[in-house]
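Readers should treat all values here as calculations from the given coordinates under stated rules, not as data from a laboratory. Just so we're clear, the structure is a prediction, and the values are computed from it rather than from any experiment. So basically every Cβ, Gly included, is an ideal-geometry build from the backbone, and we count neighbours across all protein chains shown.
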């Protein structure tokens, strides 16, 4: 039996966080709580637009990366394999320090064991890609000018935290075509006598990070931000736990599902694959992350001034002569 495959569960230990640290945090929050929080926050956002000091609109472009069971490196954050990110937001600023933004982002994430530094990952030979469509509500807090470096270049640092809902769909290439992996139950999810439920393709995440902003003019600004997303799923890459019962998988889902579940080269006979049942395919003790890095161009305007200007314009359209004739 392969000693490499026996090492999988302990091999996926990230340096940035100790094992289970993230799950200890995310395990306290159910998806229903996150969904309810997102709905409440969005409602508060639109309720407070009229009370905002400023409103801003912006577009962003940058890169998205992923960290999980098919990562290039063992550490938490990596810029390898970045895919183009496109985003837009509508924000309200309550004052010069605190603001809230609703942001929509579209991007892809991907990874391939063939590019890994770890021998056992290259032997496993899995890969995936997945679109990410996210709606997030993010609070930004601008830090005071306490760091001389930022003061010197007129940069305004800020930190951010929020809540997001995103949709994903992991795929793998099979005989020249990209195939959706979730319906194939590659780890036995949803099969008879399996204790694993099929994972949902709509999930929640907690975006948090930091950045800095440069005001080009009084209304126009350019900013950079780095915002990892802590998710509540370990299936962004369709890899989490152990190899399934391959005979059952083949009978329920077909040969393609079995071939996409195990893509290594060490075992080629179906009889040998039976020895893999229950062995580590991924690390279920640590959820997956996706990370955004982007530059944002924003334009903001004073809501109160805009409303007053509109009222003045509307008032200027009245014809005094007309009112005088009708008031006689």
* Structure fact -> Expected sort for 70, 138 with the fewest Cβ neighbours (10 Å cutoff) up front is 138, 70
* Structure fact -> Taking the square root of 5λ for each eigenvalue of the C-alpha gyration tensor of the stretch 115-177, the equivalent ellipsoid has semi-axes, largest first and in whole angstrom, of 41, 20, 10
* **Percent RCO, i.e. relative contact order, over the stretch 172-295, from Cα pairs under 8 Å lying at least 6 residues apart** => 31 percent
* By the gyration tensor of its Cα atoms, with a ≥ b ≥ c the square roots of the eigenvalues, what is the shape of the stretch 74-174: rounded for a/c under 1.5, prolate for a/b over b/c, or oblate? -> oblate
* Tell me, 108, 292 in order of fewest to most beta-carbon neighbours within 10 Å? -> 108, 292
* Asked: What shape does the stretch 158-201 take by its C-alpha gyration tensor, where a ≥ b ≥ c are the square roots of the eigenvalues and a/c under 1.5 counts as rounded, a/b above b/c as prolate, and the rest as oblate?
  -> oblate
* Asked: If the viscosity is 1.306 mPa s and the temperature 10 °C, what Stokes-Einstein diffusion coefficient in µm²/s follows for the stretch 79-118 when Rh is the Kirkwood radius over Cα pairs?
  -> 119 µm²/s
* Structure fact -> Expressed to one decimal in nm², the mean projection of the alpha carbon convex hull of the stretch 154-240 is 8.7 nm²
* Asked: Going by average Cβ neighbours within 10 Å, how do the peptides 123-130, 244-251, 188-195, 110-117 rank, with the highest at the top?
  -> 123-130, 244-251, 110-117, 188-195
* To do: Please report how far the C-alpha centroid of the stretch 87-152 lies from that of the stretch 240-285, rounded to the nearest whole angstrom.
  => 33 Å
